[in-house]
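**Q** Handing you this structure, nothing more for now.
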Amino acid sequence: MKGPGFRPLLRTTLLVFPLIPIGSIFTNPSKGQNPKAFCGRPIATKLVPTDTGWKCMMTSRTHLKLGYVILDADDTLWRTQDMYDEAKTAFAKLLGQHGFVSNNAVDMLDEIDTKRVATHGFSVSRFKESLVITYEMLCGREGLPKDSKVISSIESIGDSVMKTPALYEDVNDGMRLLSRHYSLVLATKGDTSLQNARLDSSGLRPWFFRIYNLQSKTEREYREIIRDLATPPEKIWVVGNSVRSDINPASRLGLRSVLIPRGVWRYENERLERGQVITVHSFKEAVNAILAVDHLHGD
Ligand SMILES: [Mg+2]
């Protein structure tokens, strides 16, 4: 970037950025209140005291954001379920190679793994342990001895889901488009260190204004996010692949949402509740749907 306009913008950036965290453009804290989370974009705005409170002033031609888009991570931004499906296929194949005749091992595994969420949450180890438990139950059912070598192979299959997942191919372009108009928020669940590693390897972290790693993605947790963003629900979109974890909690709280119904496992199955929900088939379509509803343009 060259030309006379660059230096003033640089000075503004250096002055404003350390003082004002990025935040909502919709709140208007009165004097005496912490003006945190007030200006929509620190590089483009600054806070000015007025008689009644604080005023958010633009300092460049960059426009303020219209609201927030809360994005799910697994199977919305990157392909997680593919790794689990491959692991289940490998598990069934391994059992067949060791003389098991049951053809519903994966169904058993799904049932066991889903039930164990209640006691073990979305921890890294739960799936691997569920594989071993399923194997041991099948040994009992089919009268076959437990084999430590088979268990070791099963544990390796369980570890395979911790690989770095592939990004959906339309995510980078979609994030760039969305970020022109909205502050982007990540709301994910699962093991914090694993999700952090996935986020770092994805290269997407710089796009996010805030990142939440939630325990279960419940209505209560979304309510806390809304409170934290200090923004009316109608200014917030949710994009995700799960009816249970992304869409229904959003609908109950009056948020608009976009469902990309892919890559779900048994735990996430739930009836879609009444709400402002758009269903699409890709991240690109989700972005276009949001822009269209809010009367915005893409490229
Ligand atoms: Mg998901």
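**Q** Given the conditions (1) touching a residue at least 24 places away in the same chain (Cβ under 8 Å); (2) out of contact with any Phe, Trp or Tyr (no Cβ under 9 Å at 6 or more places or on another chain); (3) among the polar types (S, T, N, Q); (4) surrounded by fewer than 15 Cβ atoms within 10 Å (Cβ to Cβ), which single one is not true for ASN213?
**A** Going through the list (1) touching a residue at least 24 places away in the same chain (Cβ under 8 Å); (2) out of contact with any Phe, Trp or Tyr (no Cβ under 9 Å at 6 or more places or on another chain); (3) among the polar types (S, T, N, Q); (4) surrounded by fewer than 15 Cβ atoms within 10 Å (Cβ to Cβ), ASN213 breaks only (4).
**Q** Scan the range 244-264 and tell me whether some residue there is of a type in the set (A, V, I, L, M, F, W, C) and under 15 Å from TRP78 (Cβ atoms).
**A** Looking for residues that are of a type in the set (A, V, I, L, M, F, W, C) and under 15 Å from TRP78 (Cβ atoms), one finds at least one in the range 244-264, hence yes.
**Q** Also: Go through the range 266-295 and give me each residue that's at pLDDT below 90 and not in a helix (DSSP H, G or I).
**A** Passing the criteria: ASN269, GLU270.
**Q** Could I ask something else about it? Based on what the data block shows, is ARG176 surrounded by 14 or more Cβ atoms within 10 Å (Cβ to Cβ) and basic (Lys, Arg)?
**A** Criteria not met by ARG176.
**Q** Further question: Which fully enclosed helices (runs of 4 or more DSSP H) of the range 181-265 have 3 or more residues being more than 16 Å from the ligand (Cβ to nearest atom) and not assigned by TED's automatic domain parsing to the domain that holds GLU111?
**A** Answer list for the range 181-265: 192-202, 219-229.
**Q** Also, quick follow-up: Return yes when LEU253 is farther than 27 Å from MET83 by Cβ and in contact with a Pro (Cβ under 6 Å, 6 or more places away or on another chain) and no when it is not.
**A** Considered against the rule, which asks whether it is farther than 27 Å from MET83 by Cβ and in contact with a Pro (Cβ under 6 Å, 6 or more places away or on another chain), LEU253 comes out as yes.
The values are calculated or read from the model by the stated rules, or taken from the named source; none is laboratory data. Note that the structure is a prediction, hence the values are computed from the model and not measured. Please note: Cβ atoms are built from the backbone with ideal geometry, for glycine as well, and neighbour counts cover all protein chains shown.
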